[in-house]
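As structure tokens, the structure follows; a few thoughts come after it.
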Amino acid sequence: MADGGAMAAPRAAAGGTMQRMARRKSTVAFLLTLPLLAVIGGLVAWPAAYAMYLSTLNRRMTAFIGLENFAILLDNETFRGVIWQSCFFAITAVVLKALIGFWLAHMLHHIPTKGQRLWRGMLLVPWVIPPALSTLGWWWMFEPSYSSLNWLLAVFAVPAVPWLGEPWWARVSVIIVNVWYGAPFFMIMYLAALKSVPEQLYEAADIDGATGWQRLRYVTLPMMRNIISITVLFSLIVTFANYDIVRVLTNGGPRDLTHVFASYAFQVGVLSGNIPRGAAVSLFMFPLLAVIAYFVLRGINERTKEIGA
Amino acid sequence: MADATLSRRGVLAGGAAITALQAPAVFGQAMPTLRCAFWDHWVPTGNGALRQLCGQWGERNRVNVSLDFINTTGNQLQLTAAAQAQSRSGHDIISLAPWDVGSYADQLEPVDDVMGRLIVKYGPANQVAEFLAKHRGGWRAVPATSGTQNKPALCRFDLLEQHAGLDVRAMWPAEDRRGPGADNWTWDTFLRAAEACHRAGVPFGLPMGQFTDAVDWVGALFASYGARVTDERGAPTIRGNGELRQVMDYAVRLARFLPNDVWAWDDASNNRALISGRSALVFNPPSAWAVAKRDAPQVAERCWTIPMPSGPRGRFLAYLPWNSAIWAFGRQKTAAKQLLEFLGERESAEVTTTTSNGYDIPPFATMSDFRVWSAEGPPVGTIYNYPLKAHHQATPSIAFAPAPPELASQMYIQALNTKVIARVAQGGETIEAALGWLEREINNMRRG
Amino acid sequence: MRIGSLKAERRWALWSAYVSLIIAAIVMLAPPFYMLVTALKTSAEIADQSGNPWIVLNPTLENFAAIIGNPMFRGFFWNSIQVTVLVVILTMLISVPAAFALSRMRFYGSQWLATGVFLTYLVPDTLLFIPLYQIVGGLGLLNSTWGLVLVYPTLTVPFCTWIMIGYFASIPKELDEAALIDGAGWLQMLWRIFIPVALPGIIAATIFAFTVSWAAFVYPTAFITRPDEMPLTIGVVSQLIRGDTFAWGQLMAGALLAALPPVVVYAFLMDYYVAGLTAGATKG
């Protein structure tokens, strides 16, 4: 948040110069934030409001039909599937990313410091490649006729997997790619958090004869609680709103069973030319995002307070 | 920007195109510029023909022709058309996907004069091309040659003979006649062959996903059983529809003999299945064979294209026609008409088809005798039966006919016909339940 | 006794750490590695199924040569560079002054605005692309890189402002008091003191803006359909995949080349990159 006490000093100092200063200050401040206001107002708030307006129009955008688009969507099995898939995808992927990220951060933390940089550098590579492009690589690994993953499985005498052809495997594939892409980010965040846990706490725990599990349970986790919850909430939003992986990997198929909100909104709104209904699809993300945003804000405020204290 | 692209690409295409297109400009006269957005051809040499023809025409008529080739991966071309229709600006000529002529009819320049003259010269266009390009009795687009494709059966004759006992080269020789067994080339024969090849580990590579290859061949299958999902006004005709149940039953049985991931195949997966030697049959234009010729020649020389099988209502051929339309808001409508007429002539069509190695299909039946189809090989004659010939006794088909275009284009994009099969064959629903879903889905599209 | 077991425990922990890290590194690097292997193969070797797909027997650079020789691909690269550079500049011009004002010049509504910045950061692009499609279309900027320059700041500005607020807030207040007493104006203060002191933060924010604009996918997918205006991400995904026949080698070569700039930036500026990631909480 904006620094709480930053302006205490000028306010305390009274006098004509300071008042003039203050008047000028608000003008300057206004001018400095004007471009930001323009971006937020013109490119975020206004489109968001416009989306709500659009979602109340009919297909040809000639008549107002109220909440009809939402009713039609809720009435539609495919869309109900999309709601379910989006939630399943986001929750599973985020939990896996958090667990794997935590595990890797822990392992990195254990090895000598001078090796950490190299390992961290290698493990962060998936996060650096634009996901639309790395997903192409995954797609090629999943490709039914030439799958190099199935070739590896065949080495261990495991039968070929229809990665993208069978709905559950397709969902798993989408999740695998998302976890592959996102876990390194969690790792970096958690590693930073682990490094900030004071060593004395562990020493104290050792003196008390704590086991490894107890150290984790009673020292590490409580110290990292906040960063864990914030990263998880953030990641939930981004994963929930993911588009590129589904677009490149499955395009929603088979049978629309891997569509998430964003890809379905694209298919309905842009590809099938029903802009209002597409807008309605993406607005379904809004309530969930609002809830998450509330918790994130609360978490950040708490964290700011903790740091301030 | 468009001109820049053209000259950039012109360099690639070779000197001819570039001089043809830019030489007139040297005289410094103000020449009108005609902007065209054409389908970016899947055959690498395919764009060359249009470039060459437009260059010729432009030079002769003192018009700058600027060409953009737009891909259909991710429906880019369709999105371009939508954006231009919305903003009422863009190209003068644009390629439209099969069902889009009807969707944009009000914004397209009538081309009855052009089509009238072409029909006088070459006879009637095939019925699907006419059905899609005509709106309320008037032609709104000229059916294009470039990009228009059939999707007959592209077979591995060795595998079919070995495993299914079908000698496809004898059945459909590279001549204008039917061979022995051609009359038995029905969906039932096809099913038995599919089972045999499945057992032999070279299953038929028939996509069942959401891309055009899948939607088109399933559309032809439905048509050959007389199964329609809606009537001309778009009302679902699903309840009590015996043909629909019959074709569903057939498709579900067939699906058992397909690879287990065909539900997610795209337009390239079937080609890869053929090229990798893992599949005995796909429904595809000769592009799969052409790539095999380059990458896996031992596969290519065992390929043979034959018509699709016939069903109770006759033989139907999966057909994906592109249309060249002129925006009513364009500024060069007269020139655009002249260019389209020129491109529609037999000589131009033959250049287009030959340059694309026989891939492109002209809309006129009288043009199904171009030399390229009998000359291409190895094996020579492999694509002789790729264009629809009289002795095939087949009708071209487009999925979801005769629905009104706005609804049909949505059903086509969302691939309702493959999905309804997938719900039964892959999802384990009953046919009745899946058809109930189909009806609700169609009604849902019609609402709002 | 106890110390011995502790040692054994430590050694075991170290071993398990290395084993986990090796497995993780293999998994994390396998896809880019396989992309590279594919890019080095000829079409015939890709089509040949007899051998191990993970190794390349006759490496060739022909795919890279073909893709670099392809003027369309070079056009994508150029578009990406243009858009990214403009967006990064625009982003920094917007967010650095705004963050300064929000963190140092308390004014009416500044608290709300800071929260608002944060909330905008939480709004995903996939929620906005449909109304923006209409808005950008209304401005006649569909199919134009300028349209992207206009909308990309929605992706970059909120986060960059947010981390710059954090960096500025960590600068001791004594500095600005001293500057004020010296009679420096606010802008001079920003320019002379805050920007130099917060330079690491600015670098981190710049890297972030760069990677985000380079990797943006949703907006170009929706707004750009003409190949000559496409940036790399959508260009590679939509133009190099050619309908029913793929040139996998070229596709992978193109994807790798497109991913190169962020990877290079990352390789040289990893510490800033990580600092940017961990400054506050980021998206993941």
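Quick notes
- The equivalent ellipsoid that matches the C-alpha gyration tensor of the protein assembly as shown spans semi-axes of 53, 35, 27 angstrom, in descending order.
- Unsatisfied cross-links (Cα-Cα over 23 Å) in the set B:151/B:419; B:389/B:419; A:97/A:195: B:389/B:419
- Computing FRET efficiency as 1/(1 + (r/R0)^6) for residue C:11 and residue A:95, where r is the C-beta to C-beta distance and R0 is 35 Å, gives about 0.65.
- Whole-Hz Karplus values for the range B:45-61 come out as 7, x, 5, x, 4, 5, 4, 5, 5, 5, x, 3, 4, x, 5, 5, 9 Hz, taken residue by residue from phi with 6.51 cos²θ - 1.76 cosθ + 1.60 and θ = phi - 60°; glycine and proline positions read x.
- Straight-distance crosslink candidates among lysines, where the alpha carbon sits under 26 Å from residue C:173 and sequence neighbours closer than 8 are dropped: A:25, A:305
- For C:131-141, mean number of other protein chain Cβ atoms within 10 Å: 6
- Rolling a 1.4 Å probe over the protein heavy atoms leaves residue A:27 with an accessible area of roughly 80 Å².
- Taking one quarter of the surface of the convex hull spanned by the alpha-carbon atoms of chain B gives a direction-averaged projected area of 20.5 nm².
- The mean number of partner chain beta-carbon atoms within 10 angstrom of a residue's beta-carbon across peptide C:67-79 is 2.
- In the elastic network of chain B, a GNM with C-alpha springs shorter than 10 Å, the most mobile of B:357, B:260, B:150 is B:260.
- FRET efficiency, 1/(1 + (r/R0)^6) with R0 51 Å, evaluated for residue B:245 and residue B:369 via beta carbons: 0.80
- Computed Kirkwood radius, in angstrom, where 1/r is averaged over Cα pairs of the range C:76-184: 15.8
- Taking only the C-alpha atoms of the range B:37-160, the Rg (one decimal) and the largest Cα-Cα distance, Dmax (whole number), read 16.4, 54 Å.
- For chain C, the normalised intensity computed at q = 0.14, 0.16 Å⁻¹ comes to -1.08, -1.23 (log10 of I(q)/I(0), Debye sum over alpha carbons, equal scatterers, no solvent).
- Calculated FRET efficiency, residue C:271 to residue B:89, Cβ-Cβ distance, R0 = 45 Å: about 0.40 to the nearest 0.05.
- Solvent-accessible surface ranking, highest first, for B:72, B:354, C:221 at 1.4 angstrom: B:354, B:72, C:221
- Computed label-point distance, nm, for sites residue C:22 and residue A:207 using a 7 Å Cα→Cβ extension: 3.8
- Computed from backbone phi, the HN-Hα couplings of the range C:69-80 come to x, 7, x, 5, 5, 4, x, 4, 4, 4, 4, 4 Hz, rounded to whole numbers (Karplus: 6.51 cos²θ - 1.76 cosθ + 1.60, θ = phi - 60°; Gly and Pro given as x).
- Per-residue surface analysis assigns residue B:183 an accessible area of about 110 Å², computed on protein heavy atoms at 1.4 Å probe radius.
- Rg and Dmax of the range C:2-47, both derived from C-alpha coordinates alone, stand at 19.3, 63 Å.
- Per-residue Karplus couplings for the range B:313-319, computed as 6.51 cos²θ - 1.76 cosθ + 1.60 with θ equal to phi - 60°, are listed in order as 9, x, 9, 10, 10, 4, 9 Hz, Gly and Pro entered as x.
- Over the range B:196-268 - Rg/Rh using Cα atoms and the Kirkwood inverse-distance radius: 1.03
- Residue C:260 accessible area, assembled protein chains, probe 1.4 Å, Å²: 90
- Rounded to the nearest 500, the helix-only mean residue ellipticity at 222 nm of chain A stands at -22500 deg cm²/dmol, with each DSSP H run of n ≥ 4 adding -39,500 (n - 2.57).
- Total formal charge among the other residues, if their Cβ is under 11 angstrom from that of residue C:60, Lys/Arg +1 and Asp/Glu -1: -1
- Convex hull per residue volume in Å³, alpha carbons only, for the range A:70-308: 163
- Coordinate range of the alpha-carbon atoms in the range A:183-233 per principal axis, descending: 34, 16, 15 Å.
- Here the extension length gained between residue B:430 and residue B:117 equals 107.5 nm, from 0.36 nm per residue of separation less the Cα-Cα distance.
- The distance between label points at residue A:195 and residue A:215 comes to 1.9 nm (points 7 Å beyond Cα on the Cα→Cβ vector).
- Under the Debye formula (equal points on every Cα, no solvent term), log10 I(q)/I(0) of the range A:98-211 at q = 0.14, 0.16, 0.19, 0.21 Å⁻¹: -0.74, -0.86, -1.03, -1.13
- Taking all Cα-Cα distances within the range A:75-144, those exceeding 19 Å account for 60%.
- Kirkwood hydrodynamic radius (C-alpha pairs) into Stokes-Einstein, the range C:64-127, 37 °C and 0.692 mPa s, D in µm²/s: 220
- Taking trypsin sites (Lys or Arg not before Pro) across the range B:25-134, the ones in a DSSP loop with at most 15 further Cβ atoms lying within 10 angstrom of their Cβ are B:62, B:88.
- Distance (nanometres) between label positions extended 7 Å along Cα→Cβ at residue B:331 and residue B:200: 6.2
The values are calculated or read from the model by the stated rules, or taken from the named source; none is laboratory data. Keep in mind the model is a prediction, meaning the values are calculated, not measured. When we count neighbours, we look across all protein chains shown, and the Cβ atoms used for this are built from the backbone with ideal geometry, even at glycine. Quick note on the areas: whole protein, heavy atoms, side chains included, nothing else; ligands and nucleic acids left out. Shrake-Rupley method; radii C 1.70, N 1.55, O 1.52, S 1.80 Å.
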